[in-house]
Each structure stands twice: as structure tokens, then as C-alpha cells.
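Here the structure is laid out as C-alpha cells; the discussion comes afterwards.
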Amino acid sequence: MMEMSADDPVFAIAVAADLAGMHPQTLRQYDRLGLVSPRRTAGKSRRYSLREVAQLREVQRLSGEGVSLEGIRRILELENEVVGLRARVRELESALATELLNRPGSRVFASTADGDVVPLRHGVRAIRRNELVVWRPRQPEQS
């Protein structure tokens, strides 16, 4: 038996609208505004996932609390970013656990000055820099 993910696009617009307690035309409008954009079939029909139905309910709740559609769009954008970041953290945790099992007691990654995580080969040390940057504002030119 196949498992269904919360991101699988399975609901037609009429079903998604019913699950969200909205009219299908409202879902079309939200799609045009970029609030909740479902995936499309080959025939261009909208297909909504469980996560998108939950987002539609969240749009309805926030709208009822007086949040503007632009504010709702931004909230959903940030929530989607958090979901992506959490997935990336799980991916990195898994990679780290694998490396720790394969190379016990070894350093397996370092961080760049920009905060990026980079893997290290066995026996390679991270380059340490202790630089000091002094910034002084320009003095206004005297005329």
C-alpha cells in the first residue's frame, strides 16, 4: 500500500473548497493572488494537497481576524519557508549522523564566514581566520 504525503496533490478544486469551507471561486482568486497555488494536472486542472487545504483554512482564519490579503500572503510565504528549512535541518542531521557513524571522533563539517555548512575530508583542518576590520565613516569634505 502506498503512503500519502501531506504534499501530494490529490484534491480537485470542488473537494478542496468543500474541505476548506469555501466557494471554488474563492480558491481560484487565492490562486491568482498567489496565496495558495495548487499544482496542475496535464489538463491544467488544479489539484490541492492536504497542506494546501490547511493553508486555505489558515487564510480564512486570518482573514476573519482582519489580516489583509497581502499580510496573509506574507505569513504563508514565511510558514512555507519554515517548512523548507525544517526539512533541510532534518537532511543535515541525517547526513551528520551518517558521518558520525562512519568516522567516529572526527570533525565532519565546518562553517564558512557566511554561515554555510561545508563538509571536511578526513584529516583536513578548517582554516581559522582572526581578522579585524576597522570601519571609520568618511569625514565630510570641507568646501
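Figures for the structure shown
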item: Derived scalar couplings ³J(HN,Hα) [the stretch 22-28; Karplus, 6.51 cos²θ - 1.76 cosθ + 1.60; whole Hz; x for Gly, Pro]; result: 10, 7, x, 5, 5, 5, 4
item: For residue 36, residues with placed amide H under 5 Å, excluding near neighbours; result: 31
item: Two-site label geometry, residue 110 and residue 83: point separation in nm, points 7 Å out along Cα→Cβ; result: 3.7 nm
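Readers should treat all values here as calculations from the given coordinates under stated rules, not as data from a laboratory. Treat the numbers as computed from the prediction; the structure is a model and nothing was measured. Counting neighbours? That spans all protein chains shown, and the Cβs are built from the backbone with ideal geometry, glycine included.
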